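What follows is a single structure, written as structure tokens, with notes after it.
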Amino acid sequence: MGDGKPVQISVAEMKSYYLYSEWCSWLLSMAEDEIMHQDIVPLCAADIQDQLKKRFAYLSGGRGQDGSPVITFPDYPAFSEIPDKEFQNVMTYLTSIPSLQDAGIGFILVIDRRRDKWTSVKASVLRIAASFPANLQLVLVLRPTGFFQRTLSDIAFKFNRDDFKMKVPVIMLSSVPDLHGYIDKSQLTEDLGGTLDYCHSRWLCQRTAIESFALMVKHTAQMLQSFGTELAETELPNDVQSTSSVLCAHTEKKDKAKEDLRLALKEGHSVLESLGELQAEGSEPGVNQDQLDNQATVQRLLAQLNETEAAFDEFWAKHQQKLEQCLQLRHFEQGFREVKAILDAVCQKIATFTDIGNSLAHVEHLLRDLASFEEKSGVSVERARALSLDGEQLIENKHYAVDSIRPKCQELRHLCDQFSAEIVRRRGLLSKSLELHRRLETSLKWCDEGIYLLASQPVDKCQSQDGAEAALQEIEKFLETSAENKIQELNTIYKEYESILNQDLMEHVRKVFQKQASMEEVFHRRQASLKKLAARQTRPVQPVAPRPEALAKSPCPSPGIRRGSENSSSEGGALRRGPYRRAKSEISESRQGRGSAGEEEESLAILRRHVMSELLDTERAYVEELLCVLEGYAAEMDNPLMAHLLSTGLHNKKDVLFGNMEEIYHFHNRIFLRELENYIDCPELVGRCFLERMEDFQIYEKYCQNKPRSESLWRQCSDCPFFQECQRKLDHKLSLDSYLLKPVQRITKYQLLLKEMLKYSKNCEGAEDLQEALSSILGILKAVNDSMHLIAITGYDGNLGDLGKLLMQGSFSVWTDHKRGHTKVKELARFKPMQRHLFLHEKAVLFCKKREENGEGYEKAPSYSYKQSLNMAAVGITENVKGDAKKFEIWYNAREEVYIVQAPTPEIKAAWVNEIRKVLTSQLQACREASQHRALEQSQSLPLPAPTSTSPSRGNSRNLKKLEERKTDPLSLEGYVSSAPLPKPPEKGKGWSKTSHSLEAPEDDGGWSSAEEQVNSSDAEEDGGLGLKKLVPGKYTVVADHEKGGPDALVVRSGDVVELVQQGDEGLWYVRDPTTGKEGWVPASSLSVQLGPSGSAQCLSSSESSPGSAVLSNSSSCSEGGQAPFSDLQG
């Protein structure tokens, strides 16, 4: 019987039903026929109880000589007043009580009219004769006993005999003794001179009880018959829930039927008991036949009830068995559908396990995956086997649906066996692959050890006979191990591992075999050479180290063959043996030189493979750990079954706790790991992989910025039972917070691995990419670190993003020295510096106060209160402050505000000065280009539009673009000469009359700025001119050739370095060529300040009258002697 078909009644149940139905019919028939024999609607004593109580007729239970029932009509004065309906009901009821057999003989009527009149006798006899409903055998009339009435009755009866003509004889009796001649005394009641014990009220109670019991039996029989039909005709549903509902409903109805049967039996036994008591009370002759018949009838009904109950129990047992078996079948079918779906999915999953691995580590990883998959799938397989056993048990228990259960059990066993066989097959293939890769790894390791051996044999020691013999013994001893380590026959390997070999693996085997052969060839050549050296005593020669050019020019060998896993400890020990000595003899200089270089490159290739193997192994482990956290913790937070373990503080906080870990996992699992695996055979090129995905690594910045919130949430909820349960399920020894730190640890691990790879790839093709990748990773780490500080700034009203890229950040000691207007206002001295945290952006530098660190872990990250910001367009710097190598100056608006900054170390100061110099230089470059443009316009008598910004903004860009479009040659000195004669050379001691506001700066000081001249240069205001460039003593680079001019002009070439002597007019400066000692005038636009460390006091400042121009001026230290007054930063 298959799924979806309704359950029909079985043969055994059908037989039981038929038997049970017959018993119900017999019981119903007995209840109707043996107690009440009316053909029409039966009457009950309870229905005509008032009419029977009048006692104008009664059935005493007496019998005639032939067993005819006797109905007595006692003396009843109001007989004539009884309505016909009542008379008819009583007659009908009384005649229905005796059995059909007794009633068939005929009734004997005894009419007692001894106290009545003849007229009444006549009327009574005629009425009875006219309406008696049953057969009559004899009518006995006790006529009136008065003389007159008796005489009258005799005469009247003779003369009116015809009126009494009936089907039965009517006998007029004069006295009771005459009646005894027709009916025995024992069958007559006491009022008729008999001994029959009869009580009308007691008889009426008995009849009511018997008939009530009969009705109960009838209703019970009808109920049982109807219920049996319902059970037999029920078609059970096809699902578990509906079948359970039907079983429960039928069980309830069964219990109710059993209760009705119990009540009926109880009632019957009660009636039978009352009849038995009556029989025991009366004497044996006094018990009438009706009482005996009633007792026998009740006994038969009780017996029938018992038989019917037994039949019902048997039928219900079979029906219940059918229901329970049906429910078992539905459970089995439901479990089969669920398990089959799971097994189908498992089989589909295992069908995707086609990879056999490309390295030893990869195969071991695949074996672990297979074991993990087998363990997880084992639950489903065990469930399927258990379900199959349940089905077999149902079959053994003679379930009616054997034809449906047996095929399903067979299918489950087949799926389980198929899964187990596939697991065994896959494990066999992977084991075979593991065996092959181990052999390959053994061969590679043997080759590497051989290379190490060759590299560790110093050439100078091998020149002696003893040294050659010792080296030869080492080589021969090593070659003796070849049998157990190397691959003997390539074809044998192909044949032995034919089942797992694919194109890539065959290529890998071939490369290993080639490397093995190449290494053996090198050994044999070395062996032959050593044998020659050992065979003859050669004169000692001076060892000569190989020329470095040979190593530099030697081509980088092809990428080494990747190995899955290496013994890092042994290799580390080998590496620690230091650089191998490379000596050559005069005899084999060229050949041995080339061999040594090749061996060194081979050693480096092995080390690169080691680093690549570590990179891949740790990357795979990292991806697995991320997946474990996401599945074992993050996904479980949405599991309804685990919701009761979550504390209220964790609700809707998954994104806070895990950040963007899922995004990081998908990047590494789907993209980065797969791309790394493409560089297995060429690890020196792995830098390209990092460079191509450098933008994707920005996701770590978001994760690190969320880390403080995650740490705070973890500390609040670390004791939550949810985390403990998840850790138990995952069998982790470390808690979740250790795994949440994995992404931070991983991003810092990359730079270490890249450094190692770069160390062993100096002369290879991908060295530049590795260096660039290392720098980019370090930049990301710096950006992540900077962003962690940047998000902690509070109190800044604007948008930090508008300030440009964050370049540097750090803590410094800061003093201030401000002047207002043209008068320098000394404030109260402040000897104790302020502690400020500076944030250098492309467009501004921010001063913040570092707040105290509270809490633990990431909560200890400080916060920064914003104090002040300086626009980089108006900032200048003085690189050195006299007396402290860690100090430098940041000044603002022509030193109107001066900030003396002390770095923790000179290195940090140098880094900050260089970074600020880059920002100012980029602004200066834009200013110089705009100045050259303006000078060109002036030389051509063209108006010069004034730029609006000192930085390379949109306005300057447009002006510079116009300048480029004109293709104008660089301004030369000839233009000045044609319009006016050159100035005279300066007199001795009169140079540098026009200088900036200070010339006392020490020679090693330097200052840089790109601010506007109106703000930073007081000299320009005093001169009131156009603000020609003002230079300070120092060296400058010529940026444009100058060959033509007057007699005092100096001929210079682009790239020459000159020293400034004096500032002239009309944009000319008097300079000296330090190489030739010649002096002369050159155009200002032809010079560019020398950037970088210099012995002169350089200061870049905007001193032109229009914005955007670049001018050089002096700057002095404001902290000399430490006596300058200082004030705190405002805000």
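The values are calculated or read from the model by the stated rules, or taken from the named source; none is laboratory data. Nothing here was measured: the structure is a model prediction, and the numbers come from that model. When we count neighbours, we look across all protein chains shown, and the Cβ atoms used for this are built from the backbone with ideal geometry, even at glycine. Note: accessible area is taken over every heavy atom of the protein model, side chains too, but ligands, DNA and RNA are not part of it. Shrake-Rupley method; radii C 1.70, N 1.55, O 1.52, S 1.80 Å.
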Can residue 423 be described as free of Cβ contacts under 8 Å to residues at least 24 places away in the same chain, aliphatic (A, V, I, L, M) and surrounded by 12 or more Cβ atoms within 10 Å (Cβ to Cβ)?
no
Taking only pairs six or more apart or across chains, which ones have beta-carbon atoms under 7 Å, a first residue in the range 113-132 that is free of Cβ contacts under 8 Å to residues at least 40 places away in the same chain and closer than 12 Å to residue 79 by Cβ, and a second residue that is hydrophobic (A, V, I, L, M, F, W, C) and not in a helix (DSSP H, G or I)?
113/141; 113/142; 121/141
Subset of the range 622-673 [surrounded by fewer than 19 Cβ atoms within 10 Å (Cβ to Cβ), farther than 23 Å from residue 728 by Cα and in contact with a Phe, Trp or Tyr (Cβ under 7 Å, 6 or more places away or on another chain)]:
660
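Any residue at all in the range 681-703 that's within 29 Å of residue 776 (Cα to Cα), in a loop (DSSP other than H, G, I, E, B) and not charged (D, E, K, R)?
Looking through the range 681-703, at least one residue is within 29 Å of residue 776 (Cα to Cα), in a loop (DSSP other than H, G, I, E, B) and not charged (D, E, K, R).
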Kindly list the number of the only condition in (1) touching a residue at least 60 places away in the same chain (Cβ under 8 Å); (2) surrounded by fewer than 19 Cβ atoms within 10 Å (Cβ to Cβ); (3) in a helix (DSSP H, G or I) that fails for residue 366.
(2)
Taking interchain pairs and intrachain pairs at least six residues apart, which have beta carbon atoms under 6 angstrom, with the first residue in the range 73-86 and modelled with pLDDT of 85 or more and the second assigned to a helix (DSSP H, G or I) and of a type in the set (S, T, N, Q)?
86/51
Among the residues of the range 305-313, are any modelled with pLDDT under 85, surrounded by fewer than 21 Cβ atoms within 10 Å (Cβ to Cβ) and under 30 Å from residue 412 (Cβ atoms)?
no
Only listed residue being of a type outside the set (D, E, K, R) and in contact with a His (Cβ under 8 Å, 6 or more places away or on another chain), chosen from 391, 357
357
All positions within the range 235-254 that are open to solvent by less than 80 Å² (accessible area, probe 1.4 Å), without any contact (Cβ under 8 Å) to a residue 40 or more places away in the chain and more than 47 Å from the chain's Cα centre (by Cα):
none
When the range 158-170 is checked residue by residue, the ones that are surrounded by 14 or more Cβ atoms within 10 Å (Cβ to Cβ) and at pLDDT 55 or above are 168, 170
Name the pairs: first residue in the range 765-780 and surrounded by 16 or more Cβ atoms within 10 Å (Cβ to Cβ), second residue basic (Lys, Arg), Cβ to Cβ under 8 Å, at least 6 apart or on different chains?
766/688; 769/688; 773/688; 774/755
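A quick yes/no check of all residues on (1) of a type outside the set (A, V, I, L, M); (2) surrounded by fewer than 22 Cβ atoms within 10 Å (Cβ to Cβ):
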position: 877; (1), (2): no, no
position: 887; (1), (2): yes, no
position: 896; (1), (2): yes, yes
position: 899; (1), (2): yes, no
position: 904; (1), (2): yes, yes
position: 914; (1), (2): yes, yes
position: 919; (1), (2): no, no
Single match in 137, 149 (criterion: of a type in the set (S, T, N, Q), at pLDDT 80 or above and open to solvent by 30 Å² or more (accessible area, probe 1.4 Å)):
137
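Could you please find all residues in the range 668-691 being within 15 Å of residue 624 (Cα to Cα) and of a type outside the set (A, V, I, L, M)?
668, 669, 670, 672, 674
So which of 469, 480, 484, 441 ends up being of a type in the set (D, E, K, R) and within 21 Å of residue 602 (Cα to Cα)? Let's see the steps before the verdict.
Values: 469 fails: within 21 Å of residue 602 (Cα to Cα); 480 fails: within 21 Å of residue 602 (Cα to Cα); 484 fails: within 21 Å of residue 602 (Cα to Cα).
Only one candidate passes the filter, namely 441.
Here's the yes/no breakdown for (1) β-branched (Val, Ile, Thr); (2) over 36 Å from the mean Cα position of the chain (by Cα); (3) assigned to a helix (DSSP H, G or I):
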{"residue": "733", "(1), (2), (3)": "no, no, no"}
{"residue": "774", "(1), (2), (3)": "no, no, yes"}
{"residue": "778", "(1), (2), (3)": "no, no, yes"}
{"residue": "781", "(1), (2), (3)": "no, no, yes"}
{"residue": "784", "(1), (2), (3)": "yes, no, yes"}
{"residue": "802", "(1), (2), (3)": "no, yes, yes"}
{"residue": "809", "(1), (2), (3)": "no, yes, no"}
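Being surrounded by fewer than 18 Cβ atoms within 10 Å (Cβ to Cβ), over 37 Å from the mean Cα position of the chain (by Cα) and modelled with pLDDT of 90 or more, is that true of even one residue in the range 812-823?
yes
Residues are listed down the side, and each one gets a yes or a no for (1) within 30 Å of residue 405 (Cβ to Cβ); (2) surrounded by 20 or more Cβ atoms within 10 Å (Cβ to Cβ); (3) in contact with a Cys (Cβ under 6 Å, 6 or more places away or on another chain); (4) modelled with pLDDT of 80 or more:
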| residue | (1), (2), (3), (4) |
| --- | --- |
| 289 | no, no, no, no |
| 292 | no, no, no, no |
| 296 | no, no, no, yes |
| 301 | no, yes, no, yes |
| 317 | yes, no, no, yes |
| 321 | yes, no, no, yes |
| 327 | yes, no, no, yes |
| 341 | yes, no, no, yes |
| 356 | no, yes, no, yes |
